[in-house]
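To start, the structure itself, in structure tokens.
The values are calculated or read from the model by the stated rules, or taken from the named source; none is laboratory data. What you are looking at is a predicted structure, and each value in this text was computed from that prediction instead of being measured. Glycine gets a Cβ as well: all are built from the backbone with ideal geometry, and neighbour counts include every protein chain shown. SASA here: full protein model, heavy atoms, side chains in, ligands and nucleic acids out. Shrake-Rupley method; radii C 1.70, N 1.55, O 1.52, S 1.80 Å.
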Amino acid sequence: MQELDAATNETAQKALKQLQMMDLLNGKSGIGGFNQKDLGEHKFWTTQPVPQWGDAAPIGDGYIEPPKPRDQVRQDPYPLPKDFEWSFIDVGDPKQSKEVYDLLSANYVEDDDAAFRFNYSSDFLQWALRPPGYHKEWHIGVRVSSNKKLVAFISGVPMTLRVLKNTFMATEINYLCVHKKLRSKRLAPVLIKEITRQVHLKGIFQAIYTAGILIPTPISICRYFHRALNIPKLIDTKFTHVPRSMTLARMIRINKLPSTTTSTSGLREMEERDVQQVTRLFSKYMERFSMSPIFGTQEIRHQFLSGKGRGNIGDGGAGRREGQVTWAYVVEDPQSKRITDFFSFYSLPSTVINNTKHPLLEAAYLYYYASETAFTPGAEEDETLHKRLTSLLGDALVVAKEANFDVFNALTLMDNVELLRDLKFVEGDGYLNFYLYNWRTSPLSGMVAVGDVPSGKGIGVVML
């Protein structure tokens, strides 16, 4: 999927394009730095309320198109090509959830070499698509009229989003997928328009979404980094390779975790009794970033506890419960019983295409974390926070290794940038572009700094 030591010319050229794009977003270069082939035609997006290529930097933040009264929103579904019909998907129903799983597992995001494809489990989809206040009408499928086969899907979930000083209701759009044999039918734009209509009917007019491709116009670009946990398997699956200047044995030795047990005193799994404290810690910590979600106690409970799986640790394999999607840990002060820190990660494996020995690559993705060390005066300047987070997330790697994950992935967002190298993450060749729908704002720092905002500190939203 991503070469762990991505040093090929192709990777370098791709990185250069992304850096050129950041220069464009920051106003350091004109649109002339790209040609039409680079940016793509994107005829559909020129009709949408999103910033367009070459737009001047916004004078202030705000919507592009004003909200509409419900009776002015289109009431009828958009027409589909002949022989297809709309279908709301109930991901809580095992049969329908499996239909979405089957569609995504065969047709969703692949890497550039078509070697890996995300493998979203039914448990993952139920966790990701049913947060508090979710709407069944925002889980939209397209079926073949004759046999009812699900051939396309798109989803949205509600969230409260803060962008700089503005807070508003938005929808997180995800899992846009069209069957490979139907890509010529132009179903994707119709899916986007239909979910936009459904969201508007609920009185919401902004959205956040991500993509690995460039479309008009990202507010930020983040880069993937990877921490190897199972070197032999990563080599066998061609996720990475042994550099010419290194042996396999040395590569394994360098990436060996310094400890097989966690080192943070007071670290334990998050429990229901921690929800209130974690909510307060999370809310205060996330104020440090330019864009972040607003989570109340219900959202915190869902995001970090509802994906814990069933039964006891070990029932789903080493370090895992059956159906476990999320891992969340807190640090409790033994005297005051105060929660001082927490971290979380989630499981998103990838199918290794045409590999019978290793059909699945077990990948952990860094999710949200927080430490009250951040609130200590001078904690960033004297690197106290850096040391605390490095220790904390080092323990996350230990937990992931115990649960038999092969690789631990993270993006250049939040405080990650300053931690990744120390934790022996290395650059991948994947990028994730962040977009806002019907909201105009200045570029936010991701893999590079923007203005006086350090790299990473612009983005506090982790998209699933």
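Things to note:
- Only one entry in 175, 209, 224, 134 is touching a residue at least 12 places away in the same chain (Cβ under 8 Å), among the aromatic types (Phe, Trp, Tyr), in a strand (DSSP E or B) and open to solvent by 30 Å² or more (accessible area, probe 1.4 Å), namely 224.
- Under the condition of being open to solvent by less than 20 Å² (accessible area, probe 1.4 Å), touching a helix residue (DSSP H, G or I) at 6+ places or on another chain (Cβ under 7 Å) and of a type in the set (D, E, K, R), the residues counted in region 415-461 number 1.
- Region 370-416: number of residues that are in contact (Cβ under 8 Å) with a residue 40 or more places away in the chain and either assigned to a helix (DSSP H, G or I) or under 19 Å from the mean Cα position of the chain (by Cα) (or both): 29
- For region 391-414, the condition of being aromatic (Phe, Trp, Tyr) and buried (at least 17 other Cβ atoms within 10 Å of the Cβ) holds for at least one residue.
- Applying the criterion of at least 2 residues that are modelled with pLDDT of 95 or more to the helices (runs of 4 or more DSSP H) found wholly in region 1-110 leaves 94-107.
- Residue within region 228-241 that is in contact (Cβ under 8 Å) with a residue 12 or more places away in the chain, assigned to a strand (DSSP E or B) and open to solvent by 20 Å² or more (accessible area, probe 1.4 Å) present: no
Table: residues versus (1) outside any strand (DSSP E or B); (2) closer than 12 Å to residue 396 by Cβ; (3) not assigned by the TED database to the domain that holds residue 394.
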| position | (1), (2), (3) |
| --- | --- |
| 334 | yes, no, no |
| 337 | yes, no, no |
| 340 | no, no, no |
| 345 | no, yes, no |
| 354 | yes, no, no |
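- For region 244-263, filtering for residues that are in contact (Cβ under 8 Å) with a residue 40 or more places away in the chain and surrounded by 18 or more Cβ atoms within 10 Å (Cβ to Cβ) leaves 1.
- Any hit, region 321-331, residues being of a type in the set (Phe, Trp, Tyr), assigned by the TED database to the domain that holds residue 227 and open to solvent by 10 Å² or more (accessible area, probe 1.4 Å): yes
- Residues of region 272-295 that are assigned to a loop (DSSP other than H, G, I, E, B) and either assigned by the TED database to the domain that holds residue 161 or surrounded by fewer than 13 Cβ atoms within 10 Å (Cβ to Cβ) (or both): 287 alone.
- When the residues of region 149-168 are filtered to those that are touching a residue at least 24 places away in the same chain (Cβ under 8 Å) and in a loop (DSSP other than H, G, I, E, B), the one that is most open to solvent (accessible area, probe 1.4 Å) is 165.
- Per the conditions (1) more than 23 Å from residue 284 (Cβ to Cβ); (2) assigned to a strand (DSSP E or B), the sole criterion not satisfied by residue 366 is (1).
- Entry remark, region 49-78: residues being within 16 Å of residue 198 (Cβ to Cβ) and either surrounded by 10 or more Cβ atoms within 10 Å (Cβ to Cβ) or in contact with a strand residue (DSSP E or B) (Cβ under 7 Å, 6 or more places away or on another chain) (or both) number 7 in total.
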